[in-house]
Structures are given as C-alpha cells and as structure tokens.
Amino acid sequence: MTETSLSAELAHEQQTVADFYERLDELRAQVAAALVSARTSTTTRTPAAITERDAFIALHSERVQRLNAVEDRLCFGRLDMADASRRYVGRVGLADDTGARLLLDWRAPAAQAFYRATTADPHEAISRRHLITSGRRVTDLHDEILDLDAFAASGLNATTIDGDGALMLAMNTSRTGRMADIVATIQAEQDRIIRAPMPGVLVVQGGPGTGKTAVALHRLAYLLYEHRERIASSGVLLVGPNHRFLKYIEQVLPSLGETGVLMSTTGQLYPGVDATAEEAPDVSVTKGHPDMVKVLGRAVSQRQRVPESPRELNIDGTRISLTPDDVTAARYRARGSRKPHNLARVVFVKAILETLARRLAEAIGTELATENRDEFLNALRDSSAVRREVNLCWMPLTAEGVLRDLYADPARLDAAAPQLPSSERRRLRRDRDAPWSPEDVALLDELAELLGEDEEPAQLAAARAAVERGYEVEYAGRVLDLAGELTGESEAVTTADALAERYLGGSGRRRSIADRAWEERAWVYAHIVVDEAQELSAMQWRMLMRRCPSRSMTVVGDTAQTGSPAGARSWGQMLEPYVGNRWRTEELSVNYRTPGRVMKMADRLLERAGVQFSPAESARAGDFEPLLKRIGRRDLAAVRATVQAEFDRMSAGRIAVVAPHTWQDGLDAELTGFARSDDFLDPAATATVGLSVLTARESKGLEFDVVIVVEPAEIVGESSQGINDLYVAVTRPTQRLIVLSNSTLPAGMTGTSS
C-alpha cells in the first residue's frame, strides 16, 4: 500500500472511530440526565415508588460507570466479511437511535471471528484489521488477509500485512505497574477458554506468561455479558493471592465494561478481618490440613460444659439447684437439634429454663401451669445467678474468641487436637493479640459455620424481605421483633437504624450486591474466579466451596509454580473431594510474557530439580540472554549499582528486585531514592521508570520489564518449595533477567556471565 492510500485508510478509520465516540458521549449524556431526573423527582414516595426509583438509580449509575470505563481504546478491530458487510469490534456494543448496530461488543457471538478466524478457517471473514489508537485518535493499522481470493475480488485496501503486529506491539510495550487487558489481541486458544460453558469447575493451567490471569478476567467479563440475568443477583467473586496483585489487576474488568465484581484475597473473606501475617511453612501445612475440621469441632464442643456438682441458685429468696444431670439432659437436646452452637444454645437455654421453672414452682409449693409459666420464666431470666450459670455451661461464642483461646491455652489445644504431634501443637501456640494470617481466616470461617450466626435465620430473612420490598425500616424493625424470641438474650439486629445501616448503608439507598456480599460471610456467589489457585490449602478450598454451592468456578494456576507447602500438587487432589468429576482442564501453551532465552534457563531449573511441568512455547526469543553477575557476600551496594545502571538505560518501564526474605529490610534501606512502582498509583507522579522490591512469593502473578534476582540459592533454601519460588522469580521479566549471586548457583541456572 502506498503512503497516500495508508493515509486515506487512517482518515477513514479516524472518522469511523470519532462517530463511535460521539455516540458514546450521547449515551452518557442521556443516562446522566435520567439520573438527575430520578434523584430530584418529587413523585409520591410510596414503598413501591421508592423501590422502583432506587432500582432505576442503581441500574443507571452502574451504566454510567461502564460507559466511562470503556473510554480508552473504545474500538480496536474490524472484520470484513464475505457478504461485503463490515463489523467493527470494541469494548461495548453501540447502536444508533434506530437500533442499527454500530459497534459490536467483543463478547458478542458475531465478534468471535475476530479472535478465531484463520486462513484455514476464516469464519466467513476475508480480512481482519487491528486499529491502534491513542486516546480518541487512530495512530496505526495492521491488516491480516484471511481469504486471499475473496480479498482480491473485494477491492479492499490492505495496510501492513502483519497479523501479529498488534500482538507484538503489546508484548514489547513497557510495563506501567498495572495490568492491561488483552481484549484487542486475544488469541484463538485463549478465546476458546474465555467462551467455555459456565457450569462446573474450569481449571486454566498454564506456565508463566501464558495469560492465565488475563484469560480469567476476560472470561469473567464474558460470563457477566452472556449470563447477566442468571448471575447478577448473586454476584461474582474474584480471589487473588495478595493486595499487590489485586491492585495490579484492578483496572482490567472496568476497562472491559464490568464494575461490580467483588475482588478479595483469601485473608479478607471473613468480614472485619484483613489477614496478612505470614506463617512458617510447617504451620501453614498444619493449619491447612483437613484434620483441622475435627480440631475445631472439638474446640467448640468442649465449650459446652457440665458442672461437676450442683449449683445453688437464689431466685428472689427461694433457693433451688441446677444439677449436672439437668445440664447433661439440656445439652443432649441442644446437640440433638443439629444446629450450630449459638443457635443450639437457644434450645439449651429453653430446656434449662423449663427445668428450673418446674423446680422453682415446686420449691414455692405450686405447680407449673399455663397461667403462671411466663411469670416463673421471667423471674429466671431476670436472675443474674441463672444467667451466669447458663453462660458458664453454654456461652455464646465468636469464631475469633474461640480461635484465640485455642492458640493461647495449651490445655485447650491439647484437648482439641490429640491427634496432632506435640511438636505441631507447640508450633500453633501464639499470643491472644497476635495478628491473623490468611491460613487463620479459613479456620475462622470453619468456626463460624460451627457456631452459627447470632440471628435466627427467620429474623434475618424477614428483615431482608421487608427492606427489599421497599417498606420503611421501622416496619422491618417490627418484623424483627415479631420474628425472634431468643429467651431475652438475642444479639440480633433489633433496631430500625441498625437495619437501615446494614441493608441501605449511610447513603439511605440500597447498596450494591458487591457491598452487601463483602459484609455477609455466608453470601453465596453465582461464580468464583480463583487466581494463583495452586497456593490454596485444603481448608481454604473448603472455605471457597462454601461460598459457591453450585460449584461454578474458574480456577487459574500452575502446579509447577506452587510455593506453599500446603498448596496443590495436582488439581484432582484439591478439587475432587468437593466436586467429584465435575471439573475439566484447559491448558495454555504459548508464553506471551517471558522471552524464550529466559524461559530456556527457567525450564532447566525445574528439569534439574525433578519437577514435573509442561513447558510453554515463548512467542518471541527476546534480545537478551540471562545475565549472571558475581557479587560480594551481602553486597547491597552491588545491587544498588545494578539498579542504577538499569534506570540509566531505560526510558520507561518497571524494574523488580526479587530477593530472599532476609534481604528485604536491607534492600529497602539501600534502594531509597529510586522511584517506586507503587508511586505510579498517584496521578501526580511524573517518573517513567519504577522499582519494586519483592520476595519471590510477592512477585507471583506480576510482570516487569527487567527483573534482578538476588542470591537465588538462598531463595531456594527458604522453603521446601524453594525451587518453585525461584522459577516464579526468574519468569517475571518481559525483556531482561539479571542474576546477582555470591553463592553457587542452583543447577540449571546458566547465562551470560559478567
């Protein structure tokens, strides 16, 4: 194509894209006007009208967020079809006022050919065009001819015939510290997984850089598009390995038009807790083992105590006794209800009060009858002595309290965990005020199941139904009062203000599904995505399965990168206890991140260590062999000099220093003065090159232009899964790997020495 015809094609596409943006602006203006009208409406505020208005506002507020989020690269592709039609593909679907389709949503069936068409199977397309844009401006075009004869007969013009141009541009672009979507460059292998059916557990297995996370995020956006009616009311949950990772990926789903997904670490899945403390490897194994279910069950049942001797009670001057047999009988009835501890406590208390009421009537010289029953029961409820003895026998418990007591009291731990070796029990010991770890959160969640909610289910259901139907909260409060009768000791939500705060929030409007799910431990999701899933223990899987009874999940990971000793050695080992054979695996085979020169060395590390894995083929060889540099022992200055050289060489991008735990504090002090990648989250940041200092585990799921690995032998020696951790570290770079070491390098680590 001549320069003149290329300019003409660019001008044509520029006008087309400008028309799309004009339509986007019109839609935003229409929705914004509708929102202003709804919020200022003076329509009679009947319950039904309030509900309708709030639903309208919620729906259109979400739509505004979606329309705003797709501003960048709104349109990125074009298909020219054999029937002479033309399909433009973008982040959202756009239509004109008559309903005629202007822009196809990338998730629509008609857009599938943009990702799957090949010369062998063109899907009725004759050519595919990638539009490269900056802001609202078209800057370049890349064409790919799919049917040469049909293209020649069509009279179409082609620019650079380079089907991989857009993909190579994306792979070689400097990293920004935030993950970018791949919606314009999804490959056929990835598209097939993204559009896979929703039911069951889909495991996306793939080596480093194969796009597992990107595929999972785009699959989530696709499922929300394809099954919105089915899953919108329950919501979807995305679980990532740590806060840094969630920050790294947080822009992807909004850029795809989805803003209502709840993102969480495993350490945040228990409301009110954000657990980040790190456990020793052997403690992780113990806490993650399924045996902890029995340990926690015993810890709860041991709090349901029987006194060794009768307890004397003074009820308004009348003395009666509570005997061990009374408590044993009440406990038998409560446990026979098969309810969780706090709910079974209601059965226990009622049984105790009935027994004491009869005994009190006998002591006074009368019989317990319908006409005097309430009088006797009220006298017992008002007695501090009765409340004290009942609580000593069957105390209302919280998960946090039980677990802290278990860790802090050796006697409790010995009684609850007789099957654990004494050395393991000692390792579980900790102070009551010690911070929680993600491993603890799975145990808290298990305890919450054993203990039950503080409210009776009928109370909560009645309150929710009243508010959802738009009734005033005072009415919902009265529903609570009528629904619950917990012997005067309920800790349920019983006030209108508390109910309004819980379900409507401080704004006075109904909160989003994600907001409500965040606060309700027992929330059930329609679909869950788990990234770096190979790191989860059996107890953490148990916690996640509880949140998705339908077992509809997308599980993303690589068992060759398992760093946690409590993590997965195989997917079947972890999943089959929960889903049987209702899981399937899709494997990604192409590495789009790590250059082939680096991956050859990384694969040798696993081969020499005897780790089973499926190597992925790198999409490009890269320009640099791994660079191995000898440094002095604990030579922080050498690390700084290496970082400085890379800052001087680079005009943009991200550098990571990945080092053993014991180096972290020293490196943080030594590397002051360099712009940190986290600083780029500040809109006022002006630097173009950023630095991150991480452990190998912290680097999981991330990518950088340059990675500097410090003392790889020490990384390997830090845990039983150390070789997997090192494999993760050396596969993070998109361009260049530098290894600094004073110790002997692990077997298989070779490159250019300096």
Show the residue pairs meeting these rules: Cβ distance below 8 Å; 6+ apart or different chains; first residue within the range 44-58 and more than 23 Å from Ala32 (Cβ to Cβ); second residue open to solvent by 80 Å² or more (accessible area, probe 1.4 Å) and at pLDDT below 75.
Pro47/Arg469; Pro47/Tyr471; Pro47/Glu472
For residues that are under 15 Å from Phe76 (Cα atoms) and among the polar types (S, T, N, Q), scanning just the range 87-130, find the one that is surrounded by the most Cβ atoms within 10 Å (Cβ to Cβ).
Ser127
With Ala351, Ala330, Ala275 as the choices, which residue is farther than 20 Å from Asp409 by Cα and not in a helix (DSSP H, G or I)?
Ala275
Test for Ala533: is it open to solvent by less than 50 Å² (accessible area, probe 1.4 Å) and of a type outside the set (Asp, Glu):
yes
Counted residues, the range 333-348 - those being surrounded by fewer than 17 Cβ atoms within 10 Å (Cβ to Cβ) and in a helix (DSSP H, G or I)
3
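Taking into account only those residues within the range 96-138 that are under 36 Å from the mean Cα position of the chain (by Cα) and β-branched (Val, Ile, Thr), which is nearest to Asp19 (Cα to Cα)?
Of everything passing the filter in the range 96-138, Val138 is nearest to Asp19 (Cα to Cα).
A quick yes/no check of all residues on (1) among the charged types (D, E, K, R); (2) closer than 23 Å to Gly211 by Cα; (3) modelled with pLDDT of 95 or more:
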{"position": "Ser570", "(1), (2), (3)": "no, yes, no"}
{"position": "Trp583", "(1), (2), (3)": "no, yes, yes"}
{"position": "Ser589", "(1), (2), (3)": "no, yes, no"}
{"position": "Tyr592", "(1), (2), (3)": "no, yes, no"}
{"position": "Val611", "(1), (2), (3)": "no, yes, no"}
{"position": "Ser618", "(1), (2), (3)": "no, yes, no"}
{"position": "Asp623", "(1), (2), (3)": "yes, yes, no"}
{"position": "Leu627", "(1), (2), (3)": "no, no, yes"}
{"position": "Arg630", "(1), (2), (3)": "yes, no, yes"}
Is there any pair linking a residue in the range 119-138 that is without any contact (Cβ under 8 Å) to a residue 24 or more places away in the chain and under 16 Å from Gln187 (Cα atoms) to one that is of a type outside the set (S, T, N, Q) and open to solvent by 40 Å² or more (accessible area, probe 1.4 Å), with Cβ under 9 Å and at least six apart or on different chains, and which?
His123/Arg116
Of the conditions (1) open to solvent by 70 Å² or more (accessible area, probe 1.4 Å); (2) in contact (Cβ under 8 Å) with a residue 40 or more places away in the chain; (3) out of contact with any Ser or Thr (no Cβ under 9 Å at 6 or more places or on another chain), Asp325 fails just one. Which one is it?
(2)
Gln573 versus (1) more than 29 Å from Ala280 (Cα to Cα); (2) free of Cβ contacts under 8 Å to residues at least 40 places away in the same chain; (3) in a helix (DSSP H, G or I): which is the lone unmet condition?
(1)
Within the range 413-437, restricting to residues that are within 16 Å of Lys287 (Cβ to Cβ), in contact (Cβ under 8 Å) with a residue 40 or more places away in the chain and assigned to a helix (DSSP H, G or I), the one that is farthest from the chain's Cα centre (by Cα) is Ala416
Scanning for something touching an Asp or Glu at 6+ places or on another chain (Cβ under 9 Å), open to solvent by 70 Å² or more (accessible area, probe 1.4 Å) and touching a residue at least 24 places away in the same chain (Cβ under 8 Å), does the range 697-713 turn up at least one residue?
yes
Within the range 617-634, of all residues that are over 10 Å from Thr594 (Cα atoms) and among the aliphatic types (A, V, I, L, M), the one surrounded by the fewest Cβ atoms within 10 Å (Cβ to Cβ) is Leu627
Would you call Glu646 closer than 27 Å to Arg569 by Cα, of a type outside the set (S, T, N, Q), surrounded by fewer than 24 Cβ atoms within 10 Å (Cβ to Cβ) and out of contact with any Leu (no Cβ under 8 Å at 6 or more places or on another chain)?
no
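Look through the range 649-687, keep the residues that are basic (Lys, Arg) and surrounded by 15 or more Cβ atoms within 10 Å (Cβ to Cβ), and return whichever of them is modelled with the highest pLDDT. I'd like the intermediate steps shown before the answer.
As a first pass, look at the range 649-687 and keep what is basic (Lys, Arg): 649, 654, 676.
Of the ones still in play, those that are also surrounded by 15 or more Cβ atoms within 10 Å (Cβ to Cβ) are 654, 676.
Details: Arg654: 93, Arg676: 84.
The qualifying residue modelled with the highest pLDDT is Arg654.
Which count do you get for residues in the range 128-163 that are of a type in the set (Val, Ile, Thr) and either at pLDDT below 80 or more than 21 Å from Tyr115 (Cα to Cα) (or both)? Let's see the steps before the verdict.
From the range 128-163, those of a type in the set (Val, Ile, Thr) are 132-133, 138-139, 145, 159-161; that's our starting set.
Add one more test, that the residue is either at pLDDT below 80 or more than 21 Å from Tyr115 (Cα to Cα) (or both), and what stays is 139, 159-161.
Total satisfying the criteria: 4.
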When you check Leu146 against the structure, is it hydrophobic (A, V, I, L, M, F, W, C), over 16 Å from Gln187 (Cα atoms) and crowded, with 21+ Cβ neighbours inside 10 Å, yes or no?
no
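For (1) without any contact (Cβ under 8 Å) to a residue 12 or more places away in the chain; (2) polar (S, T, N, Q); (3) touching a His at 6+ places or on another chain (Cβ under 6 Å), each residue gets a yes or a no:
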position	(1), (2), (3)
Met171	no, no, no
Ala188	no, no, no
Val236	no, no, yes
His243	no, no, no
Lys247	no, no, no
Leu256	no, no, no
Leu262	no, no, no
Thr265	no, yes, no
Tyr270	no, no, no
Consider Val295 carefully, then state whether it is open to solvent by less than 20 Å² (accessible area, probe 1.4 Å) and farther than 30 Å from Ala344 by Cα.
no
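Does Glu607 satisfy the criteria of being part of a helix (DSSP H, G or I) and open to solvent by 10 Å² or more (accessible area, probe 1.4 Å)?
For Glu607, the condition - part of a helix (DSSP H, G or I) and open to solvent by 10 Å² or more (accessible area, probe 1.4 Å) - is met.
The values are calculated or read from the model by the stated rules, or taken from the named source; none is laboratory data. Given the structure is predicted, the values throughout are model-derived calculations rather than measurements. Using ideal geometry, Cβ is built from the backbone for each residue, glycine included, and neighbour counts are taken over all protein chains shown. Accessible surface areas use protein heavy atoms only, side chains included; no ligands, DNA or RNA. Shrake-Rupley method; radii C 1.70, N 1.55, O 1.52, S 1.80 Å.
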